[in-house]
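J.: Handing you this structure, nothing more for now.
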Amino acid sequence: MLFETILISILTLTLTAQSHSTNPIIQLTDADIPSLYDNQWAILIYLDHHQLLQDWSDCQSSLNNDTIQFATLHASQTRALSILEVKLLPVVKFIDNGQVFTYRSMMTKKSIEKFLSNPRKLKWHNYLPTSYSYWTKLQLDLYLASIHAEKVVLQYLVKFFKDIPTDIENVKKLFNLVSTNKEL
């Protein structure tokens, strides 16, 4: 009797989990561009937004819609970003058989869920182009390179200022060495 009860419980839990399961979130790359022209896609395009990735997973779970394929796209995939005409990061794109609806408001779980529940509410949309723009790709590459360079400079400055003496005696010694033109 106990064995039968446990078996029924396990089967019930398994069936419940399967009925609420959704497709896994796909990490898109430039190579996945052709698949975007078919079906419905909800794509989060990001650079470094770890909390947003968790919220994206929560959105997928709460919407529980198996007809929409959820995906993420890292900003390093500039050919795909060019096709999707990304102008700012992070951004959410909803694609329905080639029609692209762009979400450009607050990036909160609640607001993204509201958008994804009725993306066609937006009056304006565009269509996926058949190929990417070389100029847009170049702009995105340069933009990402500048962000990387900015991070490197900031890391260098933080390291530099960490190594500067903070107590007054060391500052006086440093000032005396500099004012007398002695080598450090």
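J.: Separation between the Q51 and N118 pseudo-spin-labels, each 7 Å from Cα along Cα→Cβ, expressed in nm?
T.: Inter-label distance under the simple model: 2.9 nm.
J.: Any chance you could check the Cα centroid distance between segment 60-77 and segment 90-114 for me, in angstrom?
T.: 10 Å
J.: Here is a follow-up. Carbon and sulfur together cover what percent of the accessible area of segment 54-110 at a 1.4 Å probe radius? It would help to have the intermediate numbers written out before the result.
T.: Numbers: 1070 of 2380 Å².
So the carbon and sulfur contribution to the accessible surface is 45 percent.
J.: Something else about it: I need the shape label for segment 20-72. Rule: rounded when a/c is under 1.5, else prolate if a/b > b/c, else oblate, with a, b, c from the alpha carbon gyration tensor.
T.: Working: a/c = 2.47, a/b = 1.08, b/c = 2.29.
It is oblate, given that a/c is not under 1.5 and a/b is not larger than b/c.
J.: Now for a separate question. If we sort 74-86, 144-156 on the protection proxy, mean other Cβ atoms within 10 Å, highest first, what's the order?
T.: Working: 74-86: 20.4, 144-156: 10.9.
Descending mean neighbour count gives 74-86, 144-156.
The values are calculated or read from the model by the stated rules, or taken from the named source; none is laboratory data. Keep in mind the model is a prediction, meaning the values are calculated, not measured. All Cβ positions, glycine included, derive from the backbone under ideal geometry; neighbour counts span all protein chains shown. Keep in mind that these areas ignore ligands, DNA and RNA; they rest on the heavy atoms of the full protein, side chains included. Shrake-Rupley method; radii C 1.70, N 1.55, O 1.52, S 1.80 Å.
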